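Everything below concerns the one structure shown next.
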Amino acid sequence: MFDLRKYNITLEGFQRFSPAIMCFKRVLLKGSRFTEQHCENLTGYLKSPNSLLTHLDLSHNALGRSALVQISTALCDPNCQIQILNLSHNDLQSQDMELIRDVLLGENTNLRELDLSDNPLGDSGVKLLSSGLRSAECHLEVLK
C-alpha cells in the first residue's frame, strides 16, 4: 500500500515517485490537494497494462471537473484494474454524475465499490447515478 501521508513526501515528490505506484495494489491520496497535472500522471498509470493498482482513495481532494474527466476515462480503459474507488468529500456536483454514470455503463470497467459520500449530488445527480446503477452493464456491488 502506498499512502502519500505515510511516506511524508510532497506532491512534487509524488510525481517523481509515481511510476512506482504501479507496483502497489492500494494507493491512498486522501487530502493530498491533488491537481489536474497530478491526475494526468496518475491516470497514465491507471491505464498501464503493468499496473497492479486495484484500490484508489482520492477522498478529501476537491477534484475539479477536468480531473474527474481524466479519472473516468482511465476507469473505462480495458487495462485499468481499479475495483475500489473513494471519491468522498470532493465537492462533486450533479453534472459530474454524468461521468460516473458513463463509468458504470462502461464495458471494460472493473469497478465494484464506489464511495461518493459527502458530495452535493442533488436530485438530478442522483437520477443520473441511478440510471447507471439500473443498467445490466453495471457491476457495482457497493455504493456509499
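The values are calculated or read from the model by the stated rules, or taken from the named source; none is laboratory data. Predicted, not measured: the structure shown is a model, and the values here were computed from it. Cβ coordinates were reconstructed from backbone atoms using ideal geometry, including for glycine residues, and neighbour counts include every protein chain displayed. Surface accessibility is based on the protein's heavy atoms, side chains included, excluding ligands, DNA and RNA. Shrake-Rupley method; radii C 1.70, N 1.55, O 1.52, S 1.80 Å.
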Projected onto the charge dipole of the chain (+1 at Lys/Arg Cβ, -1 at Asp/Glu Cβ, origin at the Cα centre), which of Leu99, His60, Ser135 gives the Cα projection farthest towards the positive end? His60
Which of [x] 54, 45, 22; [y] 40, 29, 22; [z] 39, 32, 23 is the computed Cα extents along the principal axes in Å for the structure on display? [y]
Between helix 36-46 and the chain: long-axis angle, C-alpha atoms, 0 to 90°, nearest 10: 90
In what order, largest first, do Lys47, Lys6, Lys144 sit by accessible area if the probe radius is 1.4 Å? Lys6, Lys144, Lys47
With every protein chain kept in place and ligands, DNA and RNA left out, what is the accessible area per residue of the chain? Probe 1.4 Å, answer in Å². 50
Relative compactness, region 31-101, computed as alpha-carbon Rg over 2.2 N^0.38 Å: 1.02
Roughly how much of Glu36 is accessible, in Å² to the nearest 10, using a 1.4 Å probe? 90
Net dipole in debye of region 1-99 [+1 Lys, Arg Cβ; -1 Asp, Glu Cβ; about Cα centre; nearest 20]: 380
Apply the Karplus parameterisation 6.51 cos²θ - 1.76 cosθ + 1.60, with θ equal to phi minus 60°, to every residue of region 128-144 and state each ³J(HN,Hα) to the nearest whole Hz, in sequence, with x for glycine and proline. 4, 4, 4, 5, x, 5, 6, 6, 5, 6, 6, 10, 5, 9, 10, 10, 10
Where does each of Thr73, Thr54, Thr109 land when they are ordered by accessible area, with a 1.4 Å probe and the largest first? Thr73, Thr54, Thr109
Would you mind getting the Kirkwood hydrodynamic radius of region 81-130 from its Cα pairs, rounded to one decimal in Å? 11.1
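Cα-Cα over 21 Å: which of Lys6/Lys30; Lys6/Lys144; Lys6/Lys47?
Among Lys6/Lys30; Lys6/Lys144; Lys6/Lys47, the Cα-Cα distance tops 21 Å for Lys6/Lys144; Lys6/Lys47.
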Nonlocal amide H pairs with Gly31, under 5 Å, H built at 1.01 Å: Ser59, His60, Asn61
Accessible surface ranking that places the most exposed of Tyr45, Tyr7 first, with a 1.4 angstrom probe: Tyr7, Tyr45
Pairwise centroid distance, computed over Cα atoms, of region 86-134 with region 1-48, Å: 22
For region 89-144, which GluC sites (Glu not before Pro) pass both filters: DSSP loop (anything but H, G, I, E, B) and at most 16 other C-beta atoms within 10 Å? Glu107, Glu137, Glu141
Accessible surface of the chain [probe 1.4 Å, protein heavy atoms]: carbon and sulfur percent: 48
